[in-house]
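Chemist: Following this message is one structure expressed as structure tokens.
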Amino acid sequence: MLPRQRWFGDKGRSIAAVNLRDCGAFGDRAWLVLVTVAFTDGVDETYAIPLVLDGAAVSPDALEATLELDGATTRAGDAFDQPGFCLELLTAFERDAAVPTAHGGVVRFVRTDRYSPLRGDGPLAPRRLTTEQSNTSVAYGSRLILKWLRRVKAGTNLDREVGSFLTLQARFPHVPPLAGAIEYVSAAGEVTTLGVLQGFVANQGDGWSWIVGHLRQLPPARVDELSGPVFQELSGLGAVTGALHGALASDAESSDFAPEPITDADVTAWISRVAADLGRTSDVVRARLADLPREIENDARPLLAGQAALRARADDLRALGVERCMKIRVHGDYHLGQALRTAPGFVLLDFEGEPDRPLAERRRKQSSLVDVAGMLRSLDYAVHAALSPASAPAGEPWVRRASAAFLDGYLAELGRFPARLVPASRSTLARALAVFELDKALYEVRYELDHRPAWLAIPLRGLTRLLAREQTAS
């Protein structure tokens, strides 16, 4: 049943066993459960799965489990399908609850000083959100939203850490304010964040839904011509992104957030990472090529045949060190779906970084161009998700103008901040940015193979276009 859950982050791996790590009774019928999922490749993962006893499945794919309690077999279901459980989570914050666990740990509900003004007075009805995501979210009226993390690791949670810095220290207005967190403390004292509570952001949807919806309602041949207001708004998103990076570079005293010069060692490590990602992606595609449709096999050929060209492109990152650019903490998994459209402007979500990278790597300071590349890839994705394959070529001019609008807004806003994050030369910037776009497309290929094989053609064709663009430029 686990691999059928949208939030299960290891769909491409073979499960060997699922073992109880720890659990704590939460009320009369619910349990806060941590399980260790063992895989045949030997690398285990921990998942946080609250269960409610005798919980009825709400759909054929809903999570169900069978528990042995006091010698009796009991059926349990996903507790988030029960509004009463969701409401009890909020109540636990209000009483600063500490739930003891079977193996000597505790689950703590921790509030920030923003909790009370965000919570307000009166009852708040819980509502589980149904948007496609790797976590589980519950809205409480129009005041708060809880993001429950499914695949969890001991140590710093980036969404909590970065959200706290941006809202409580940098006073950056374009992120949801942090209201609290749920954390598991093991008997050994290791802390694992299970959930993050934030202020609810009233919005008109995320950037992905907006762009895809806009493109689908226009004649493909006229999407570029009829998108003037959209390009203007994308310039605004670029400005918010520039302000984000300025805020993340604003504290020269904090070792966790102070900007640092990009060194030769940094660049060498980034080039090596691109090479490793290239090798890993090529190996995975080659191993599964026989199972893919013929047209996807054709799309994969430039990736498999272009290893040398891709590796050579990575050397363009050396300009970041030569021009003495700074590295900072970044979003790390930046795309249109992470940006909510609101009346005052865009609000940015989910600072956890790419989920398949190690925590230490996701916390590491990087070039801000990593985020810019993520958004440019997302714009390309949106066009090819919205238009049919036959109409997709008509969207290429749109992608170029949309990307230019975003980048212009970004650079204009970034220029207001003292830290030098990108090369001064636009051509040098473009070459370095292209490397991060290529690396992002490699990640997308691996992601789609594991989660959405039907979408695999989008990043494969994106890689082909990026290679062709770079060859033309050189």
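Chemist: Would you mind stating whether GLY104 is closer than 26 Å to ARG21 by Cα and either modelled with pLDDT of 95 or more or assigned to a helix (DSSP H, G or I) (or both)?
Modeler: Values: closer than 26 Å to ARG21 by Cα: yes; either modelled with pLDDT of 95 or more or assigned to a helix (DSSP H, G or I) (or both): yes.
Answer is yes for this residue.
Chemist: So in segment 393-413, with the set limited to residues that are free of Cβ contacts under 8 Å to residues at least 60 places away in the same chain and surrounded by 18 or more Cβ atoms within 10 Å (Cβ to Cβ), which one is nearest to ASP224 (Cα to Cα)?
Modeler: Taking the candidates together, the pick is VAL399.
Chemist: Report the residue count in segment 427-446 for those that are over 16 Å from SER403 (Cβ atoms) and either in contact with a Ser or Thr (Cβ under 9 Å, 6 or more places away or on another chain) or at pLDDT below 90 (or both).
Modeler: 4
Chemist: Restricting attention to segment 212-255, which residues are under 30 Å from ARG364 (Cβ atoms) and at pLDDT below 95? I'd like the intermediate steps shown before the answer.
Modeler: Restricting attention to segment 212-255, the residues satisfying the condition of being under 30 Å from ARG364 (Cβ atoms) are 234-255.
Scanning segment 212-255 gives ASP251, ALA252, GLU253, SER254, SER255.
Chemist: I've got another one for you. Restricting to segment 11-43, and then to whatever is among the charged types (D, E, K, R) and surrounded by fewer than 19 Cβ atoms within 10 Å (Cβ to Cβ), can you tell me which residue is nearest to the chain's Cα centre (by Cα)? First the steps, then the outcome.
Modeler: To start, the set of residues in segment 11-43 that are among the charged types (D, E, K, R) comprises 11, 13, 21-22, 28-29, 41.
Imposing the further condition that a residue be surrounded by fewer than 19 Cβ atoms within 10 Å (Cβ to Cβ) reduces the set to 11, 13, 28-29, 41.
Working: LYS11: 17, ARG13: 20, ASP28: 35, ARG29: 32, ASP41: 25 Å.
Restricting to residues being among the charged types (D, E, K, R) and surrounded by fewer than 19 Cβ atoms within 10 Å (Cβ to Cβ), the top hit is LYS11.
Chemist: Further question on the same structure: Just one of ARG216, ARG273, ARG222 is in the same structural domain as LEU449 (by TED's automatic domain parsing) and farther than 22 Å from HIS384 by Cβ; which is it? I'd like the intermediate steps shown before the answer.
Modeler: Working: ARG216 fails: farther than 22 Å from HIS384 by Cβ; ARG222 fails: farther than 22 Å from HIS384 by Cβ.
One residue alone meets the criteria, ARG273.
Chemist: Looking at VAL37, VAL33 in this structure, which one is closer than 25 Å to THR130 by Cβ, at pLDDT 90 or above and in contact with a Pro (Cβ under 7 Å, 6 or more places away or on another chain)?
Modeler: On the way: VAL37 fails: in contact with a Pro (Cβ under 7 Å, 6 or more places away or on another chain).
Going through VAL37, VAL33 in turn, the sole match is VAL33.
Chemist: Quick one: in segment 184-195, of everything that is part of a strand (DSSP E or B) and either in the same structural domain as LEU237 (by TED's automatic domain parsing) or more than 20 Å from the chain's Cα centre (by Cα) (or both), which residue is nearest to LEU244 (Cα to Cα)? Spell out how you get there, then give the answer.
Modeler: Just the residues of segment 184-195 that are part of a strand (DSSP E or B), to begin with: 184-185, 191-195.
Checking which are either in the same structural domain as LEU237 (by TED's automatic domain parsing) or more than 20 Å from the chain's Cα centre (by Cα) (or both) leaves us with 184-185, 191.
Values: TYR184: 30, VAL185: 31, VAL191: 28 Å.
Restricting to residues being part of a strand (DSSP E or B) and either in the same structural domain as LEU237 (by TED's automatic domain parsing) or more than 20 Å from the chain's Cα centre (by Cα) (or both), the top hit is VAL191.
Residue-by-condition table, conditions (1) surrounded by fewer than 22 Cβ atoms within 10 Å (Cβ to Cβ); (2) touching a helix residue (DSSP H, G or I) at 6+ places or on another chain (Cβ under 9 Å); (3) not assigned by TED's automatic domain parsing to the domain that holds PRO459:
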| residue | (1), (2), (3) |
| --- | --- |
| LEU303 | no, yes, no |
| GLN307 | yes, yes, no |
| TYR334 | no, yes, no |
| GLY353 | no, yes, no |
| ARG357 | yes, yes, no |
| ALA360 | yes, no, no |
| LYS365 | yes, yes, no |
| ASP371 | no, yes, no |
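Chemist: Does segment 360-375 contain at least one residue that is of a type outside the set (D, E, K, R), farther than 15 Å from LYS327 by Cα and at pLDDT below 95?
Modeler: Yes, segment 360-375 contains at least one residue that is of a type outside the set (D, E, K, R), farther than 15 Å from LYS327 by Cα and at pLDDT below 95.
Chemist: Still on this structure: Pairs, please: C-beta under 8 Å, at least 6 apart or cross-chain, first residue closer than 17 Å to LEU340 by Cα and in contact (Cβ under 8 Å) with a residue 12 or more places away in the chain and in segment 215-238, second surrounded by 19 or more Cβ atoms within 10 Å (Cβ to Cβ) and acidic (Asp, Glu)?
Modeler: Here the result reads GLY238/GLU413, each pair linking segment 215-238 to a residue that is surrounded by 19 or more Cβ atoms within 10 Å (Cβ to Cβ) and acidic (Asp, Glu).
The values are calculated or read from the model by the stated rules, or taken from the named source; none is laboratory data. For clarity, every value in this text was computed on a predicted model and none was experimentally measured. Here Cβ is always computed from backbone atoms with ideal geometry, including for glycine, and neighbour counts include all displayed protein chains.
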